[in-house]
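*Asks:* One structure, as structure tokens, below. Some questions next.
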Amino acid sequence: MRTPTHTDRASLQAEDAVDALASFRGRFSIPEGLIYLDGNSLGPLPRGAAERAAEVINNEWGQGLIRSWNTSGWFEMPSRLGDKLSKLIGGNEGETVVTDTTSLNLFKALASAVRIQQQDAPSRRVILTERDNFPTDIYIAEGISDFLNSVNAETNEHYEVRLIDENLSLEQALDDSVAVLALSHVNYRTGAMWDMDAVTAAAHEAGALVIWDLAHAAGAVPVDLNGANADYAVGCTYKYLNGGPGSPAFIWVNARHQGRFWQPLTGWWSHAAPFAMADNYTAANDVRRFLCGTQPITSMAMIECGLDVSLEADMGLVRAKSLALSDLFIALVRERCGEFGLELVTPEDHAERGSHVSFRHSEGYAIIQALIDRGVIGDYREPEVLRFGLTPLYLSFTDIWDAVEILRDILETRAWDVPAYRTRQAVT
């Protein structure tokens, strides 16, 4: 899909009329008159999700009660949904489960990867990640490093977290001390995207295992974990997969590790026979080993509605439209808002860009609040970053034109320059 002519709104309406993905907009419940540019943070409600939740609550729970663990397939849901989701990330059946949160799943993946390296290359004690990674990824890496050091306080087995940044490149950092490389495929702030194939190959060449955080990639950009020969991946379902606020996350483990993988959160759902009620732990001999405790069935059931929509869409078309939307957005902001100090921080190279576009401005927070009041919902990330998710399944080219026109008006009239828009809310 080419980037459409953006000289006027009418030409964009003509592009929308022949958009092969236009019919998907009707699969989502989006308030009339709203331009929703925050699906990279929380996807909108898929039609059918509320009814699915009501079915779980009123019938499966209300009538079936405890029987629904068997009769409604509750017990198998993490694996069944995992197999569906796996198709979107280049995984095979039996490699993915839907469970817990991204943070918890990253902890499990890190623990498993470190354990393998303790057995194969015990001198490797560095967890390598990126300074500009999503903060929880760094925090979890620091937490597991601190835990390992407290356990090994009497030895010389000191683990550390190393951060790549403008002063330390990935190539420089990948030495023989690195046990695990953990990166976000698409950066949460800038939308910059790593070359998964090349980075994974480089890490393996250096002797490290690789964990990919797909929170801003799954459902938005083509992902082929097995094609890249990745080791582990984690991610959430409430962004581009439209699973609902706080919906359970997922973890993928390459089948080649499934004879060895281990994680310390050995709850009963990861037991080989949980209802045997055995006195000691025997891990399930498949990816179910990465489960922990009883699953949140209502929120998990709603995930399937968003997954089914994503699976119906052609990812090639989704990616092409995503790039066309973001090219258009960047071009229009430059053309119509160029005098107001917005600095693009998202890569322009298609191969290096995910599905959101970010600009920096010293009054970024206030500008976003003014946009939200005008019916254009984006979000803000420190420092000074206005972030806009360009999700192809429910956004049109005219949406982009209208959003930029409203942005231009807010900047031109300084409508953002009021105290109310500078008052920080708990969630930005």
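*Asks:* Are any residues in the range 125-146 touching a Phe, Trp or Tyr at 6+ places or on another chain (Cβ under 8 Å), within 18 Å of residue 174 (Cα to Cα) and open to solvent by 40 Å² or more (accessible area, probe 1.4 Å), and if so, which ones?
*Replies:* Answer for the range 125-146, where residues must be touching a Phe, Trp or Tyr at 6+ places or on another chain (Cβ under 8 Å), within 18 Å of residue 174 (Cα to Cα) and open to solvent by 40 Å² or more (accessible area, probe 1.4 Å): just 125.
The rows are residues; the columns are (1) in contact with a helix residue (DSSP H, G or I) (Cβ under 9 Å, 6 or more places away or on another chain); (2) under 22 Å from residue 239 (Cβ atoms); (3) at pLDDT 95 or above.
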position	(1), (2), (3)
17	no, no, yes
21	yes, yes, yes
29	yes, yes, yes
58	no, no, yes
65	no, no, yes
72	yes, no, yes
95	yes, yes, yes
103	yes, yes, yes
112	yes, no, yes
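*Asks:* When residues of the range 308-335 are filtered for being over 18 Å from residue 355 (Cα atoms) and touching a strand residue (DSSP E or B) at 6+ places or on another chain (Cβ under 9 Å), how many remain?
*Replies:* 2
*Asks:* Taking the range 147-185 on its own, how many of its residues are part of a helix (DSSP H, G or I) and either modelled with pLDDT of 95 or more or open to solvent by less than 40 Å² (accessible area, probe 1.4 Å) (or both)?
*Replies:* Within the range 147-185, residues that are part of a helix (DSSP H, G or I) and either modelled with pLDDT of 95 or more or open to solvent by less than 40 Å² (accessible area, probe 1.4 Å) (or both) number 6.
*Asks:* Return yes or no: is residue 188 under 19 Å from residue 131 (Cα atoms), open to solvent by 10 Å² or more (accessible area, probe 1.4 Å), among the aromatic types (Phe, Trp, Tyr) and not in a strand (DSSP E or B)? Step through it out loud before you land on a result.
*Replies:* Values: under 19 Å from residue 131 (Cα atoms): yes; open to solvent by 10 Å² or more (accessible area, probe 1.4 Å): yes; among the aromatic types (Phe, Trp, Tyr): yes; not in a strand (DSSP E or B): yes.
In short, yes.
*Asks:* So which residues in the range 255-294 are crowded, with 21+ Cβ neighbours inside 10 Å and either touching a residue at least 60 places away in the same chain (Cβ under 8 Å) or over 27 Å from the mean Cα position of the chain (by Cα) (or both), if there are any at all?
*Replies:* 261, 263, 287, 290, 291
*Asks:* Name the one entry in 306, 243 that is open to solvent by less than 30 Å² (accessible area, probe 1.4 Å), assigned to a helix (DSSP H, G or I), modelled with pLDDT of 95 or more and out of contact with any Asp or Glu (no Cβ under 6 Å at 6 or more places or on another chain).
*Replies:* None of the others qualify; the one that does is 306.
*Asks:* Just checking: which of the helices (runs of 4 or more DSSP H) contained wholly in the range 360-428 hold 1 or more residues that are among the aliphatic types (A, V, I, L, M) and open to solvent by less than 60 Å² (accessible area, probe 1.4 Å)?
*Replies:* 364-373, 397-413
*Asks:* Shifting gears a bit: May I ask you to verify whether residue 354 is in contact with a Gly (Cβ under 6 Å, 6 or more places away or on another chain) and either open to solvent by 10 Å² or more (accessible area, probe 1.4 Å) or free of Cβ contacts under 8 Å to residues at least 12 places away in the same chain (or both)?
*Replies:* The answer is no for residue 354.
*Asks:* Counting just the residues of the range 191-205 that are crowded, with 18+ Cβ neighbours inside 10 Å and without any contact (Cβ under 8 Å) to a residue 60 or more places away in the chain, which one comes out farthest from the chain's Cα centre (by Cα)?
*Replies:* 203
*Asks:* Can you name every one of the helices (runs of 4 or more DSSP H) wholly within the range 16-123 that holds 3 or more residues which are under 22 Å from residue 247 (Cα atoms) and touching a Gly at 6+ places or on another chain (Cβ under 9 Å)? Give the steps one after another, and end with the answer.
*Replies:* Details: elements: 49-54, 68-71, 77-86, 102-120.
The helices (runs of 4 or more DSSP H) meeting that bar are 77-86, 102-120.
The values are calculated or read from the model by the stated rules, or taken from the named source; none is laboratory data. Everything numeric in this text was worked out from a predicted model, so none of it was measured. Here Cβ is always computed from backbone atoms with ideal geometry, including for glycine, and neighbour counts include all displayed protein chains. Only protein heavy atoms, including side chains, enter the accessible area calculation; ligands, DNA and RNA are left aside. Shrake-Rupley method; radii C 1.70, N 1.55, O 1.52, S 1.80 Å.
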